[in-house]
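Below is one structure, written out as structure tokens, with a few remarks after it.
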Amino acid sequence: MIIGHRGVAALAPENTLSGIRKAAECGLDWVEIDTQLSADGIPVIFHDDTVERCTDGNGKLETFNVSALKNLDAGSWFDKAHSDERIPTLEETLAFCLDEGVSINLEIKVYRDAQVAPLVEAVSAVLASSAFPAEKLLISSFSKNALMRCKAAIPQCRFGFIADKRNISDLDAFDDVGLYSVHVDHRMLTSELAKEIKSKGYILNVWTLNECEKADAFIGMGVDNIITDDPTLFNLK
Ligand code: G3P
Ligand code: MG
């Protein structure tokens, strides 16, 4: 029912191994994390286009080689006690999650369409060389292009379309290819949209819900999973 957002973003630095460990300590089976490419083509776990907010560095993430990213402090911004935190690679994260018994909702994070092809290729290669099982993985994206390419490259995986007001019109494009799930911005989810998504046979997830008092209404609409920064707010697992 509960998926930790960017690990558990309210309780540990987002998109870090500490965050994933914290999610496991909270009893969560699933975390949502974001992946993008370093300048040298390595998929790393990071949300923003630039490194300022979540590290002590400056500039666009895609301009840093992975070795330079590894020199950044990815934890002090959250809490000084996390100053040793590093940006993890996807490869490291898959191994870590396997050890921790945590399943991954991996968001293919795209800021420019030109990023899609190299990112999907690199993510597919990392997944192919990893022992991480397909049934413990759900790949999601706002980008229709990214999902279509992933479906072709990694057909054994499940796929989720992340929808907000800007791209909800892309949902119909998946009618012929199918999806596992649709992940809707909770601020735009109506009963009608929930009904439409469920009638297509998809699992329905909402993000990023940090108000537990709204959970019952969403569950009443047929929501299957809640993606939240803080699972301790909910009496759900
Ligand atoms: O996967 C749902 C959610 O993570 C999408 O928004 O910006 O937090 O990646 P964002
Ligand atoms: Mg995300």
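Per residue, the convex hull spanned by the Cα atoms of the range 1-70 amounts to 82 cubic angstrom.
In this structure the chain gives 43 Å² per residue of accessible area when probed at 1.4 Å with all protein chains present. Computed over the alpha-carbon atoms, the chain gives an Rg to Rh ratio of 0.95, Rh here being the Kirkwood radius from the mean inverse distance. Shown for the range 148-237: the carbon plus sulfur share of the solvent-accessible area, taken with all protein chains present and a 1.4 angstrom probe, equals 49%. Using only side-chain charges placed at the Cβ, +1 for Lys and Arg and -1 for Asp and Glu, the dipole size of the chain relative to its Cα centre rounds to 360 debye. Summary of the geometry: the range 83-105 and the range 144-183, compared by the centres of their Cα atoms, lie 24 Å apart.
Antiparallel beta bridges, as assigned by DSSP with both residues in the chain, represent about 15 percent of the total such bridges. Note on K151: lysines with a C-alpha under 22 Å away, same-chain residues under 8 apart excluded, are K109, K136, K198, K200. Within the range 124-237, the percentage of alpha carbon pairs spaced more than 22 angstrom apart rounds to 36%. Using the empirical formula 2.2 N^0.38 Å as the baseline, the Cα radius of gyration of the range 35-141 reaches a ratio of 1.05.
So which lysines can K80 reach, going by Cα to Cα under 21 Å and dropping same-chain residues fewer than 8 places off? Output for K80: K22, K70.
Extension gain for A68-A152 works out to 27.0 nm (0.36 nm per residue, less the C-alpha to C-alpha distance).
Estimated from the Cβ-Cβ distance and a Förster radius of 35 angstrom, the FRET efficiency linking C26 and Y111 is about 0.75. Rounded to two decimals, the Cα radius of gyration of the range 114-153 over 2.2 N^0.38 Å is 1.14. Consider all pairwise Cα distances in the range 182-223 and report the whole-number % of them above 11 Å. In whole percent, the long-distance tail amounts to 60.
Hey, got a sec? Which trypsin sites (Lys or Arg not before Pro) in the range 42-97 land in a DSSP loop and have at most 11 other Cβ atoms within 10 Å?
On the way: sites: R53, K60, K70, K80, R86; in loops: R53, R86.
Answer in residue order: R53.
What distance in nm lies between label points placed 7 Å from Cα along the C-beta direction at T190 and F234? Distance between the two pseudo-spin positions: 2.4 nm.
The values are calculated or read from the model by the stated rules, or taken from the named source; none is laboratory data. Computed from a predicted model, the values in this text were never measured in an experiment. Cβ atoms come from the backbone with ideal geometry, glycine included; neighbour counts cover every protein chain shown. For accessibility, only protein heavy atoms count, side chains too; no ligands or nucleic acids. Shrake-Rupley method; radii C 1.70, N 1.55, O 1.52, S 1.80 Å.
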